1. I'd like the mean, over residues of B:5-18, of how many other protein chain beta carbons sit within 10 Å of each residue's own Cβ.
2. Of the listed pairs B:K34/B:K57; A:K151/B:K45; A:K34/A:K145; A:K103/A:K151, which have alpha-carbon separations greater than 22 Å here?
3. Taking only DSSP H segments of four or more residues, each worth -39500 (n - 2.57), what value at 222 nm results for chain B once the sum is divided by all its residues, to the nearest 500 deg cm²/dmol?
4. In sequence order, what are the phi-derived ³J(HN,Hα) couplings for the range B:138-154 according to the Karplus relation 6.51 cos²θ - 1.76 cosθ + 1.60 with θ = phi - 60°, rounded to whole Hz, with x for glycine and proline?
5. Rounded to a whole number, what % of the accessible area of the range B:1-141 do carbon and sulfur atoms account for, probe 1.4 Å?
6. For Cα pairs less than 8 Å apart in space and 6+ apart in sequence, what is the mean separation divided by the residue count of chain A, i.e. the relative contact order in percent?
7. Say we join alpha carbon atoms closer than 10 Å with springs in a Gaussian network model of chain A; which of A:A116, A:A126, A:A105 then has the biggest fluctuation?
8. Quick one: give the max-minus-min coordinate of the C-alpha atoms of the protein assembly as shown along each principal axis, largest first, in Å.
Protein chains: 2
Amino acid sequence: MATQRAALDARSVEARSTSGYPEPYRSRVLPREKRALGDAFGLTKIGVNLTTLYPGKESSMRHFHSSDDELLYVLEGEVVLVTDDGEQRLEPGMCVGFAAGVKNAHHLVNRSAAPARYLEISDRSADDAAEYPDVDLSYKEVNGKGAFTRKDGSSF
Amino acid sequence: MATQRAALDARSVEARSTSGYPEPYRSRVLPREKRALGDAFGLTKIGVNLTTLYPGKESSMRHFHSSDDELLYVLEGEVVLVTDDGEQRLEPGMCVGFAAGVKNAHHLVNRSAAPARYLEISDRSADDAAEYPDVDLSYKEVNGKGAFTRKDGSSF
């Protein structure tokens, strides 16, 4: 039986600074840090990351999800949201949500001189996929296990 | 087809100050304010509220959920987390997660002199239920529509 874990300082959760992206995309996001807050409490239905994005870096390649809802809430610093509709500057206390299946690709870019921090929140559909209109990249999960390929399905 | 809505200041979302609780429980939580950030972007799989809890008030009656994961992230002020394990003081930047089905009832109490603000995040299972060990209250959803009754099933 799972037990209830005590509350903790989100920044005390160990940071992961990894990416499943192949180069040259990996270097465009790293050393982005993600602290998996949901995992720290044994959550399986929602994912909540405290993410630190460094100056000059992108949160991800611009993408949209087929099955997962997503919401970003900015805590510190300043980022630029880029979608098909253009650019928007986000400051602390601002948020944006992306409903599953809405085909408007998005990402955040840190064009400031300081690290930015935000919460990224999503559900965990078993078979999510993501499309990347700007680059030759595709993502697909089968039974919850995901992999990146080129758009023609070939591996990197 | 849904469209992508622009990012917004979370505090610009209209606040709801309502509760499905009967008295005397309703007065123990209100005038708690909830701003439904997920709804503002048409999200259906996750719920994200920006909640303001006033001095002397409780976030809810102490409870646990059968099917929904839940995570709280404190943004401003100070609250006390109460569970079966005791009490813990939470400050901004602290978080706590409650995995679906873990039978350790929890809530937050604002014992400070200032309003507290936190994000409450959950998935949206179709048939969630909640148990309330401290009071004669029960919650059950059928096809996503929930109702509060007494523990013997009788209505208020």
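1. 4
2. The pairs that break the limit, which is 22 Å between Cα atoms, are A:K151/B:K45.
3. Calculated at 222 nm, the ellipticity per residue is -500 deg cm²/dmol.
4. Listing the rounded values in order: 9, 10, 8, 10, 10, 6, x, 9, x, 8, 9, 9, 6, 5, 7, x, 6 Hz.
5. Carbon-and-sulfur percentage of accessible area, whole number: 48.
6. Relative contact order for chain A comes out at 22 percent.
7. Highest fluctuation of the listed residues: A:A126.
8. 59, 39, 37
The values are calculated or read from the model by the stated rules, or taken from the named source; none is laboratory data. Every value quoted in this text rests on a predicted model; they were computed, and no experiment measured them. Cβ sites come from the backbone with ideal geometry, for glycine too, and all protein chains shown count toward neighbours. When the accessible area is computed, the model is the full protein with side chains, heavy atoms only, and any ligands, DNA or RNA have been set aside. Shrake-Rupley method; radii C 1.70, N 1.55, O 1.52, S 1.80 Å.
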